[in-house]
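Here is the structure we will look at, set down as structure tokens.
What follows draws every value from the coordinates through simple rules; no lab data is involved. Fair warning: this is a prediction, and the values are worked out from it, not measured in the lab. Using ideal geometry, Cβ is built from the backbone for each residue, glycine included, and neighbour counts are taken over all protein chains shown.
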Amino acid sequence: MPENIEQNVFKNRNLLNLAGIIQSSRSNGPGSRAVIFFQGCKFNCPGCYNPQTHSFKRNEIISPVDLLIKLSESNPIEGITISGGEPFEQKEGLYELLKLSKEVYGYSNIVYTGNSKEEIEQKFFAYIDVLIEGRFEFEHPEKDYIRGSTNQRFHFFSNRYNKEDLKRNGDSEIIFLLDGSIMVTGFAKVEI
């Protein structure tokens, strides 16, 4: 954990409502990454990979700083991938999470959103390496890159990654949870 973490915390700690966390994944972006699923989405795209995240019910509540401390104490990671639900439904907490992730931990940040780039406040872009934006379209499945459908656009706000870094590796991960349940994550190769 970085020294003097409390000095880096915003005065107003915003709480996040999360659907779940994967502490270490290699199929949700380049390198070893934590994956954070936000709870709540107004888009309800037909065929969405994560329909259980659509409800705005209270689920796992945590502050951005506590979340990053938890992630940093597990396996070493290169960055975080933020998905949903819709992360921008929780703008204040998302902004704090991205800023702390980048400035305090040096992580890379990849964010999925159903919003267009033009609908997002520019202040976020300083803390996002890759934005993958656009609503999921079931009838246009993606087979080559880590996005759900071919209409979704990549925006690179740093030189940390390029489009080739976002190619699918053909792997999905199966995670066995402590409660005995199983989670499948990632992007398997799709034959179209």
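Fully extended, how many nm does the chain gain between ASP144 and LYS117 (0.36 nm per residue separation, minus their Cα-Cα distance)?
Result: 7.5 nm gained on full extension.
If you plug each phi of the range 132-141 into the Karplus form 6.51 cos²θ - 1.76 cosθ + 1.60 with θ = phi - 60°, what whole-Hz ³J(HN,Hα) values come out, in order, with x for Gly and Pro?
Going residue by residue, I get 10, 10, x, 6, 5, 10, 4, 6, 10, x Hz, with x marking Gly and Pro.
Using 7 Å Cα-to-Cβ label points, what is the ASN44/ILE21 separation (nm, one decimal)?
In this crude spin-label approximation the distance works out to 3.0 nm.
Under 27 Å between alpha carbons, and skipping anything fewer than 8 positions from LYS123 in its own chain: which lysines qualify?
Those lysines meeting the cut-off are LYS11, LYS42, LYS70, LYS91, LYS99, LYS102, LYS163.
With a ≥ b ≥ c the root eigenvalues of the C-alpha gyration tensor of the range 51-130, is it rounded (a/c under 1.5), prolate (a/b larger than b/c) or oblate?
In terms of gyration-tensor shape, oblate.
Indicate the gyration tensor shape class of the range 29-177 (rounded, prolate or oblate), computed on the Cα atoms with a ≥ b ≥ c the square roots of the eigenvalues: a/c under 1.5 is rounded; otherwise a/b larger than b/c is prolate and the rest oblate.
Values: a/c = 1.26, a/b = 1.15, b/c = 1.09.
Rounded shape, in that the Cα axes give a/c under 1.5.
Could you derive backbone 3J(HN,Hα) for the range 102-107 from the dihedral phi with the Karplus parameters 6.51, -1.76 and 1.60 (θ = phi - 60°), listing whole Hz in sequence and x where the residue is Gly or Pro?
Using θ = phi - 60°, the values come out as 7, 6, 8, 9, x, 6 Hz.
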